Amino acid sequence: MSKARNLSLLSTVEAGATTDQTKADLNAIGVSGGRKNLIINGAMQVAQRGTSLTGLHNNTNYLIDRFSFGGATSSVRLTMSQDSDGPAGFANSLKLDCTTADTSIAAGDEHYFQYRVEGQDLQRLKKGTSSAESMTLSFYVKGNAAATYTAEFYDADNNRQNGQTFNVTTSWNRVTLTYAPDTTGAYTDDNTIGVYIVFWINAGSNHTSGTFTSNTWAASVTANRVSSSNTSFFDSTARTLNITGVQLEVGSTATDFEHRSYGEELALCQRYFQKVASGADTAASTLGIGAMYTSAQLHVVIDLAVTMRVKPSVTIASGSGYYIMYRAASSDSHDDYIYDSGSSASNRIELYNNTDIGGSAGHAGMVRCNNTNALITADAEL
Amino acid sequence: MENQAAWIISCKLQDSGYLINGNMGVPNDPANRDCADVLQWIAEGNTPAPEFTDAEIAANTQAETNATSQAYLDSTDWYVTRHAETAEAVPSDVTTARAAAREAIV
């Protein structure tokens, strides 16, 4: 493509042209519009919680940041992991591996992995207005064998749904699904869930027995949510599914995946989950500066890496001498902390210990992890 | 439907929230998804346990006493060291208080 052609395209944009074809042309010359991808961690780079979870079959389980596995009922089990397999240009993927199969799926069975988006991040779609935009979901998938699954948008604010099926082969393939604009039901401009992007890998008749109408927005009906052609991921312990390069963008064209640096992705993920301190990552990882409120009560105030979506839940691993305070030329190990959620906020948390520490009121000191199993995490996921 | 509250095994009240499964502090904020799960768990007929049982209150009180007493002993050890090195007497009120501190530690 010549420079003259490039300049011509840019002039067209300056004149206000916004057609999808123009966007595609711009993408072809590398002018793709920054932050086009609504998905965080779509390349599955960030996995703060670990790299493998086994025995999954129900509840909501996070491993790779921002992507969760959920389900209900049945005896099936799978392992979810961060895998090094990926198409060219991708070093990681999310892998699901069936470990306990069930060829007799009950009506109420449901299993999926999903991604949740805040309503305030969806406003560019203009949903619920006469100028609502189409949107395109793209991703790379690979399985152990051919399969068909359903990718559904579930509008949590207005209880509406729109699903499409996609095919998986034994090679990495890029799937592109364009979803029609929806002029009904705007996403609330807030920090709660606007939409669930649900990748259905197993569903009983409660979800498949109705009329599945591909790429059509409608009020949610459970029986219509999943295609009857949906493969059961749990039909064999040989089943695997890898996915990466997940991108959601405005318009009807799937442009090249927007690669972001690890640091950028990590910071974006930390709005939803962050490791506050980890003895496994750094043996004497510091929590921060603590102070003795009384001779038997230590308080630690910790600035979070980024402001989180809401005031987080805080999980604290405890064990003999897991944490230690150095003050006044001596040290005092202790086992755990209590999260003072009333004094905490979305950008700062306060912890205290009043059970196994002693000292002089007013003394301050460095507070650190003192065991490889010491771990404090903050969670504000959707 | 997925039961969002099924992961909750135990729930205790805390000053400004809940302690879930013994290690997760959850703020009393429905926008927090864990809090939303706790509220659903309560709506299903469950009741959070009080923050502390009588035994835990007693244990915490004793732990605080132990820590306070040990801190006092630590802060007055120098009197004993000085007495050993110079024969200067430990003040009687300190001797009495140190004895009480030792007695209080369990």
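Quick notes on this structure:
- Members of region A:302-337 found to be open to solvent by 20 Å² or more (accessible area, probe 1.4 Å), closer than 14 Å to residue A:276 by Cα, of a type outside the set (D, E, K, R) and part of a strand (DSSP E or B), listed by number: A:315
- Cβ pairs under 8 Å, 6+ apart, first in region A:174-190 and assigned by TED's automatic domain parsing to the domain that holds residue A:93, second of a type in the set (Lys, Arg) and open to solvent by 60 Å² or more (accessible area, probe 1.4 Å): A:181/A:126
- Scope region A:278-298; condition within 26 Å of the chain's Cα centre (by Cα) and either among the charged types (D, E, K, R) or within 14 Å of chain B (Cβ to nearest Cβ) (or both); matching residues: A:281
- Whichever residue in region A:74-115 is among the aliphatic types (A, V, I, L, M) and not in a strand (DSSP E or B) and, among such residues, is most open to solvent (accessible area, probe 1.4 Å): A:88
- Filter result for residue A:344 (small (Gly, Ala, Ser) and out of contact with any strand residue (DSSP E or B) (no Cβ under 8 Å at 6 or more places or on another chain)): no
- So residue A:52, is it under 20 Å from the mean Cα position of the chain (by Cα) and polar (S, T, N, Q): yes
- Residue A:277 vs. criteria touching a residue at least 40 places away in the same chain (Cβ under 8 Å) and either surrounded by 20 or more Cβ atoms within 10 Å (Cβ to Cβ) or not assigned by TED's automatic domain parsing to the domain that holds residue A:361 (or both): yes
- 2 or more residues open to solvent by 60 Å² or more (accessible area, probe 1.4 Å): qualifying strands (runs of 3 or more DSSP E) within region A:122-237: A:173-179
- Just one residue in the set A:187, A:149, A:154 is over 19 Å from residue A:67 (Cβ atoms) and aromatic (Phe, Trp, Tyr); that residue is A:187.
- Pairs meeting the criteria (first residue in region B:57-83 and more than 10 Å from chain A (Cβ to nearest Cβ), second residue of a type in the set (Asp, Glu), beta carbons under 6 Å, at least 6 apart or on different chains) are B:82/B:88.
- Given (1) modelled with pLDDT of 95 or more; (2) crowded, with 20+ Cβ neighbours inside 10 Å, index of the condition residue A:359 fails: (1)
- Yes/no for residue A:285 being surrounded by fewer than 21 Cβ atoms within 10 Å (Cβ to Cβ), assigned by TED's automatic domain parsing to the domain that holds residue A:337 and either in contact with a Gly (Cβ under 8 Å, 6 or more places away or on another chain) or of a type in the set (Ser, Thr, Tyr) (or both): yes
- Leading residue by the ranking (farthest from the other protein chains (Cβ to nearest Cβ)) among those in region B:3-15 that are farther than 30 Å from residue A:108 by Cα and out of contact with any Phe, Trp or Tyr (no Cβ under 9 Å at 6 or more places or on another chain): B:13
The values are calculated or read from the model by the stated rules, or taken from the named source; none is laboratory data. None of these values were measured; they are calculated from a predicted model. As a convention, Cβ positions derive from the backbone with ideal geometry for all residues, glycine included, and neighbour counts pool all protein chains shown. All accessible areas refer to the heavy atoms of the entire protein, side chains included, with ligands and DNA or RNA removed. Shrake-Rupley method; radii C 1.70, N 1.55, O 1.52, S 1.80 Å.
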